[in-house]
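Notes for the one structure printed next.
The values are calculated or read from the model by the stated rules, or taken from the named source; none is laboratory data. Bear in mind that the values here come from a model prediction, so they are computed numbers and not experimental data. Here the Cβ positions follow ideal geometry from the backbone for every residue, glycine too, while neighbour counts run over all protein chains shown.
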Amino acid sequence: MNRTVYFNSPFLLGFEHLERLLERTAKSAGDGYPPYNIEQPSEDCLRITLAVAGFAKDELNVTVEGRQLVIRGKQIEANGKTFLHRGIAARQFQRAFVLAEGIEVSGAELEHGLLTIELSRPQAESVIRTIEIGATKGSAKRNGKGEGDLS
């Protein structure tokens, strides 16, 4: 299997974790269950809606693991039920979304078979930091009346 390297530039230092996240996301992207929508109701808000009909609230799990939002569903088998036909899928699922830095999960609701997860993106502050340039021990000789001084 060929491995695609996304961050092979020498100018992109420290992005190895993003490459691993992209690889994990690409592996899980092939499964289309459950279907979902992603909306942007406002500039600083995102909403993910998953169609999870047939799942109860206690059969769903929403977690943030590192920089990933992970939604898992596993239906509890109803003991004592006899099905003559079973056309509604009762399979478990896991759906993961990579979250950008600064995005926070602000809540989740289950209503009419739709799981809605609200995400907020606070406006980032512009931070400018000045880095002090230090002098090495050999630079004092050059700044003083040392060798090579033309004055």
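Among the residues of region 63-73, those identified as surrounded by 14 or more Cβ atoms within 10 Å (Cβ to Cβ), of a type outside the set (A, V, I, L, M) and under 12 Å from residue 95 (Cα atoms) are 68, 72, 73.
Quick grid of which residues meet (1) at pLDDT 95 or above; (2) closer than 26 Å to residue 17 by Cα; (3) within 20 Å of the chain's Cα centre (by Cα); (4) in a strand (DSSP E or B):
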| residue | (1), (2), (3), (4) |
| --- | --- |
| 53 | no, no, no, no |
| 61 | yes, yes, yes, yes |
| 71 | yes, yes, yes, yes |
| 75 | no, no, no, no |
| 81 | no, no, no, no |
| 88 | no, no, no, no |
| 125 | no, yes, no, no |
| 128 | no, yes, no, no |
| 137 | no, no, no, no |
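Taking region 92-123 as the range and being surrounded by 10 or more Cβ atoms within 10 Å (Cβ to Cβ), charged (D, E, K, R) and over 27 Å from residue 17 (Cα atoms) as the test, only 109 passes. Residue count for region 29-51 satisfying the condition of being within 18 Å of the chain's Cα centre (by Cα), in a strand (DSSP E or B) and within 28 Å of residue 125 (Cβ to Cβ): 7. Of all residues in region 90-106, which are closer than 24 Å to residue 41 by Cα and assigned to a strand (DSSP E or B)? Listed by number, the residues that qualify are 95, 96, 97, 98, 104, 105, 106. Scanning region 1-43 for residues that are of a type in the set (Asp, Glu), more than 23 Å from residue 72 (Cβ to Cβ) and modelled with pLDDT of 80 or more turns up just one, 43.
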